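Data block below; observations after.
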Amino acid sequence: MANEIDTVAYDVVDRIAWVRFNRPDKRNAMSPTLNRAMMEVLDDLEFRDDVGVLVLTGEGAAWTAGMDLKEYFRETESEGIKGVRKSQRESYGWWRRLRWYQKPTIAMVNGWCFGGGYGPLFACDLAFAADEAKFGLSEINWGILPGGGATKVAVELLPFRKAMYHALTGEPIDGRTAADWGLVNESLPLAALKGRVTEVAKVLLDKNPVALKATKDAVRRVGVMTYDEAEDYLVRAQEAANSFDNDGRKEGIRQFIDAKSYRPGLGAYDRHRQTR
Ligand code: ACO
């Protein structure tokens with residue numbers, strides 16, 4: 001049996017967990033083995049004190065070439081509905097886990113990103129791509145619809161006409177077009193990608209972690225709520241966050257109003273300093 005963790009690699013450096021799809025020979029296609037390994041790695045990292053931000057990237061030329069057509073589709077289908085549902089649970093399971101992850105997450109799309117790859121792409125809170133990367137809903141090219149949430153991701157992130165064109169033609173777009181369309185935050189040359197992602201991760205590492213988790217959940221949740229529902233949800237969410245970290249918020253106010261040591265409009269308060 002394959003060593004499951006071999007399909008996913010990771011290191012933690014200066015509070016950033018760099019998690020990598022690690023099947024470069026198969027363009028990091030997501031097999032059931034990889035999906036199980038990824039869930040294990042996410043589990044291991046989620047509540048570690050030495051991890052503040054998680055970056056998901058790929059080894060080699062791909063971010064991920066989507067679902068493994070042989071191992072995820074052909075081989076599980078040969079086991080009937082039981083095999084199909086099991087492999088769906090495993091992949092959708094870690095994407096869902098990532099959507100609601102305790103730490104902020106960044107997709108660093110270094111290369112190919114197809115089909116099922118849109119699940120983890122959307123699951124990450126932020127996304128940065130190499131200009132050289134290629135994104136595509138290639139499902140139509142081999143005869144299925146963009147399932148596993150991929151159609152939903154396209155419709156969430158793209159305007160209707162672009163989502164429809166992208167899904168119906170299966171034409172790949174590069175990183176710059178992906179940024180222009182809003183599929184990722186920014187695109188930049190591959191050689192500069194890791195530097196930029198590290199810079200953004202460091203900005204996040206300076207923020208209050210309780211506020212980060214409350215904020216990322218709020219951004220995902222309020223989209224389907226009416227204004228009044230959202231207003232109510234945000235009141236409750238802030239009160240819940242206060243019960244985990246009331247002092248952080250008070251310290252933030254104190255450093256601005258009393259110590260005058262920073263300006264909240266321009267940056268974060270110093271979480272390692274007590275001015276009381
Ligand atoms: N599933 C299974 N195997 C794959 C996949 C995949 N999604 N993608 C690549 N591979 C394998 C190839 O079969 C090949 O294996 P082999 O060396 O044992 O023959 C190896 O990875 C390298 O693939 P190449 O096609 O030779 O690599 P190349 O760099 O020329 O092309 C590209 C890369 C464009 C990503 C191409 O591999 C490709 O089109 N892959 C499929 C992309 C796709 O449509 N994915 C499915 C999306 S739909 C969904 O996820 C539900």
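Results, tabulated for the structure shown:
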{"item": "Between the stretch 88-107 and the stretch 1-60, the alpha-carbon center distance in angstrom", "result": "12 Å"}
{"item": "Loop-resident sites, the stretch 213-276, for chymotrypsin sites (Phe, Trp or Tyr not before Pro), counting at most 15 other Cβ within 10 Å (DSSP)", "result": "262"}
{"item": "Diffusion constant of the stretch 60-189 at 10 °C, which comes from Stokes-Einstein with the Kirkwood Cα-pair radius and 1.306 mPa s, µm²/s", "result": "107 µm²/s"}
{"item": "Two-site label geometry, residue 247 and residue 9: point separation in nm, points 7 Å out along Cα→Cβ", "result": "4.1 nm"}
{"item": "Top of 182, 52, 252 by mean-square fluctuation, Gaussian network on the chain, Cα under 10 Å", "result": "252"}
{"item": "Listed residues 176, 20, 89, most fluctuating in the chain (Gaussian network, C-alpha, under 10 Å)", "result": "89"}
{"item": "Alpha-carbon spread of the stretch 122-276, three principal axes, descending order, Å", "result": "63, 42, 20"}
{"item": "Hydrodynamic radius of the chain per Kirkwood, over alpha carbon pairs, in Å", "result": "19.9 Å"}
{"item": "Restricting the stretch 21-70 to chymotrypsin sites (Phe, Trp or Tyr not before Pro) in coil, as DSSP defines it, with at most 14 other Cβ within 10 Å", "result": "47"}
{"item": "Long-range HN-HN contacts of residue 109 with modeled amide H, under 5 Å", "result": "128, 129, 130"}
{"item": "Residue-count net charge about residue 130 - beta-carbon cut-off 11 Å; Lys, Arg +1, Asp, Glu -1", "result": "0"}
{"item": "Global geometry of the stretch 151-193, whether rounded, prolate or oblate, following the gyration tensor of its Cα atoms and the 1.5 cut on a/c", "result": "prolate"}
{"item": "Share, in percent, of DSSP beta bridges within the chain that are antiparallel, nearest 5", "result": "30 percent"}
{"item": "Reachable lysines from residue 260, criterion Cα separation under 22 angstrom, eight or more residues apart if same chain", "result": "207, 250"}
{"item": "Anchor residue 202: aspartates and glutamates whose Cα lies under 19 Å away (excluding residues fewer than 8 positions away in-chain)", "result": "11, 14, 46, 49, 50, 125, 186, 270"}
{"item": "1.4 Å probe accessible area per residue over the chain, in Å²", "result": "53 Å²"}
{"item": "Neighbour-limited loop hits for chymotrypsin sites (Phe, Trp or Tyr not before Pro), the stretch 73-165 (at most 14 other Cβ within 10 Å; DSSP other than H, G, I, E, B)", "result": "100"}
{"item": "Dipole moment magnitude, nearest 20 debye, the chain about Cα centre, only Lys, Arg, Asp, Glu C-beta charged", "result": "380 debye"}
{"item": "Solvent-accessible area, 1.4 Å probe, carbon plus sulfur percent, for the chain", "result": "55 percent"}
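The values are calculated or read from the model by the stated rules, or taken from the named source; none is laboratory data. None of the values given here were measured: they were computed from a predicted structure. Note that we place each Cβ from the backbone using ideal geometry, even for glycine, and neighbour counts take in every protein chain shown. Accessible surface is based on the protein model in full, side chains and every heavy atom, while ligands, DNA and RNA are left aside. Shrake-Rupley method; radii C 1.70, N 1.55, O 1.52, S 1.80 Å.
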